[in-house]
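Below is one structure, written out as structure tokens, with a few remarks after it.
The numbers here are math on the coordinates, done by the rules we state, and not lab data. Predicted model only: the values in this text are computed from it and were never measured. As a convention, Cβ positions derive from the backbone with ideal geometry for all residues, glycine included, and neighbour counts pool all protein chains shown.
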Amino acid sequence: MKRIRLAIAAAALLSILPLSGAAHGAAPVAAPAGLKTSGTLTFGTNFGYPPMEMYGGQNANIATGADVDLGTALAAKMGLKADFVNITDFGTIIVGLESNHYDAIISSMNVTPEREKTVNFIPYFNSGQSIVVKAGNPLHISTLADLSGRVASVQAGTVEVDSLNAENALLAKAGKPLITIKSYALDPVALQTVTLGRSVAEVTDYPVAAYDVLTSPKLYQIAGKQFSASPYGIAVRKNDPALLTALNAAYKLVKSDGEYAKILKKYHIEQGAM
């Protein structure tokens, strides 16, 4: 999980060609058996979260972003192509994985103890959380505590919801007004409430916040510094150790050959490198 934002195509399934193939047609990592579609690594992805996953092109229907590039590179190391299924409700993305609608998830998903009870993770990027406010920061917000008594927007099912709930618990103990938390299925919609004055801030992942400010500096700015940094992880079903092993091997190769670094540089998010 913005620009004013790219159009979000509902339930889109896009095939992305591999970024690179193995030399002489031999994949350096053996593709595991049991993939949803033979010859294809299918990822569940919640688009509309630039610069990690978004739609571009003249008709806003071309999958792009750091996660898309990385997923494509990982698939290529196995001699596979990558497909990305747009899961429009991020809160259901793990359920879809458990139901075998896709092979893995790559979608700016924070690794948390609760999620680790359900899926295995391959950490690949460090990201904190940020507060996005109107340009000029008229309310002089710098921390979550400054949202006391105000309305804040957030995408449902994200760790930012947990952060806001935790802050409300602290405010309640201190006898201070709580934050009114407004949750939305899509991150772009949550951000738009700031533009419309329906909320004073959106709490989102740092890469997304940085992209918003980069593309719309007259509309938004980041309030304060990022906080609660934690890794994003590629999620794999607990009962699919073969895919977990293959993805781990492919990830190591993508890092060692410099492709990982090139992807982060392309989207100006090098500070999140692991």
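General observations
- Within the set [x] 6, 25, 29, 21, 12, 5, 1, 0; [y] 6, 30, 39, 21, 4, 0; [z] 7, 30, 34, 19, 8, 1, 0, the number that P(r) over Cα pairs in 10 Å bins from 0, in percent takes when calculated for this structure is listed as [z].
- In this structure, the amide hydrogen of Ser199, modeled 1.01 Å from its nitrogen in the peptide plane, lies closer than 5 angstrom to those of Val194, counting only residues at least 5 positions away or on a different chain.
- Local net charge near His101, Cβ-Cβ under 15 Å (Lys/Arg +1, Asp/Glu -1): -3
- Panel order for Thr40, Thr158, Thr143, by other beta carbons found within 10 Å of each beta carbon, from fewest to most: Thr143, Thr40, Thr158.
- The chain - share of DSSP beta bridges that are antiparallel (%, nearest 5): 65
- J(HN,Hα) series, segment 61-70, from Karplus relation 6.51 cos²θ - 1.76 cosθ + 1.60, nearest Hz, glycine and proline x: 10, 9, 5, 8, x, 4, 5, 5, 5, 5
- Shown for segment 128-229 is the translational diffusion coefficient from the Stokes-Einstein equation, using the Kirkwood radius over Cα pairs, a temperature of 37 °C and a viscosity of 0.692 mPa s: 249 µm²/s.
- Global geometry of segment 65-137, whether rounded, prolate or oblate, following the gyration tensor of its Cα atoms and the 1.5 cut on a/c: prolate
- Exceeding the 25 Å Cα-Cα cut-off - candidates Lys77/Lys225; Lys218/Lys255; Lys77/Lys266; Lys176/Lys225; Lys81/Lys266: Lys77/Lys225; Lys218/Lys255
- Of Lys134/Lys182; Lys182/Lys265; Lys36/Lys265; Lys117/Lys252, those spanning more than 27 Å from alpha-carbon to alpha-carbon: Lys182/Lys265; Lys36/Lys265
- Whole-Hz ³J(HN,Hα) from phi, Karplus 6.51 cos²θ - 1.76 cosθ + 1.60, for segment 109-125, glycine and proline x: 8, 5, 7, 10, x, 5, 5, 5, 6, 9, 10, 8, 10, 10, x, 9, 7
- Residues Lys218, Lys262 arranged by fewest to most Cβ contacts within 10 Å: Lys218, Lys262
- Close amide H pairs (under 5 Å, H built 1.01 Å from N) link Asn61 with Gly56, residues at least 5 positions away or on another chain.
- For Asn61 and Val95, a Förster radius of 30 Å and the Cβ-Cβ distance give a FRET efficiency of 0.70, rounded to the nearest 0.05.
- In this structure the amide hydrogen of Tyr184, modeled in the peptide plane, comes within under 5 Å of the amide hydrogens of Val154, Gln155, Ala156, none closer than 5 places in sequence on its chain.
- Converting phi to 3J(HN,Hα) with the Karplus coefficients 6.51, -1.76 and 1.60 and the offset θ = phi - 60°, segment 95-100 yields 4, x, 5, 4, 8, 6 Hz in sequence order, with x at every glycine or proline.
- Of the residues Ser38, Ser130, the one with the fewest other Cβ atoms within 10 Å heads the list, and the complete ranking is Ser38, Ser130.
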